[in-house]
Every structure is written in C-alpha cells, then in structure tokens.
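Visitor: One structure coming up, written as structure tokens, with questions to follow.
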Amino acid sequence: MKEATGELSTTMIAVVAIAAVLTIFTVVLLPYLRSSLNSRLHCADATCPTDCTDATCACTYIDENGAATAVTCNNPNHGETD
C-alpha cells in the first residue's frame, strides 16, 4: 500500500508541475508572443510616419473593419546614409 501511495504522490507532483508551467506560459509568455506576432503581421500593411529616424517607428494598422491599431514596426531605412 505504501508503494501505491508513493506513486500517487509522484504523479501529483508531476501534474502540479505541469500545471504550473502551463500557467506561467499562459499568463506571462502568451500575451507577449501574441503581441509580437500581431505587430510583425500588421507591419506590412501599416502606415508609418515618413520622418521616423529611430530603429522602430510607431505605426498605425487599419483592419478590414476600419479599426485603427497602434503597432511598433522596425524601420527598414534605419542606419542608411545618403
């Protein structure tokens, strides 16, 4: 009986550890990944200011419903010299 109790304890520790890892992923990493992915996908269609000289620019993406979303996009012209 003690052996079965030990196996149950080990199983519970594993289940709690997996739940903790999934919780951390969902709460901490998933919002960051979702935000980063949306920025990268929307930058191709975003309107960026022409006078931006920084490495990143604050741009505006307008979706199919006309809703504007602020996205931060990499400036492809950053570092170029004339």
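Visitor: Would you mind stating whether residue 42 is touching a strand residue (DSSP E or B) at 6+ places or on another chain (Cβ under 9 Å) and either part of a helix (DSSP H, G or I) or modelled with pLDDT of 80 or more (or both)? Outline the logic, then answer.
Guide: Details: touching a strand residue (DSSP E or B) at 6+ places or on another chain (Cβ under 9 Å): yes; either part of a helix (DSSP H, G or I) or modelled with pLDDT of 80 or more (or both): yes.
Here the answer is yes, as residue 42 does meet what is asked.
Visitor: Say whether the condition of being assigned to a loop (DSSP other than H, G, I, E, B) and modelled with pLDDT of 85 or more is met by at least one residue in segment 66-82.
Guide: We begin by selecting, within segment 66-82, every residue assigned to a loop (DSSP other than H, G, I, E, B); these are 66-67, 75-82.
Right, trim to modelled with pLDDT of 85 or more and you get 66-67.
Yes, there is a match, as at least one residue in segment 66-82 is assigned to a loop (DSSP other than H, G, I, E, B) and modelled with pLDDT of 85 or more.
Visitor: Give the residue that is nearest to the chain's Cα centre (by Cα), with candidates limited to residues of segment 45-65 that are surrounded by 13 or more Cβ atoms within 10 Å (Cβ to Cβ) and part of a loop (DSSP other than H, G, I, E, B). Steps first, answer last, please.
Guide: Initial filter on segment 45-65 (surrounded by 13 or more Cβ atoms within 10 Å (Cβ to Cβ)): 46, 48, 52, 56-62.
From what's left, part of a loop (DSSP other than H, G, I, E, B): 46, 48, 52.
On the way: 46: 18, 48: 21, 52: 24 Å.
Here the residue is 46.
Visitor: Just give me the residues in segment 20-43 being among the charged types (D, E, K, R) and exposed (fewer than 11 other Cβ atoms within 10 Å of the Cβ), in sequence order. Spell out the reasoning first.
Guide: Kept after step one, since they are among the charged types (D, E, K, R), are these residues of segment 20-43: 34, 40.
Within segment 20-43, just 34 meets the criteria.
Visitor: Only one of (1) touching a Cys at 6+ places or on another chain (Cβ under 9 Å); (2) outside any strand (DSSP E or B) is not met by residue 21, so which one is it?
Guide: Tallying (1) touching a Cys at 6+ places or on another chain (Cβ under 9 Å); (2) outside any strand (DSSP E or B), residue 21 fails exactly one: (1).
The values are calculated or read from the model by the stated rules, or taken from the named source; none is laboratory data. Computed from a prediction, not measured in an experiment: that's the story for all the values here. Here the Cβ is made from the backbone with ideal geometry for all residues, glycine too, and neighbour counts use every protein chain on show.
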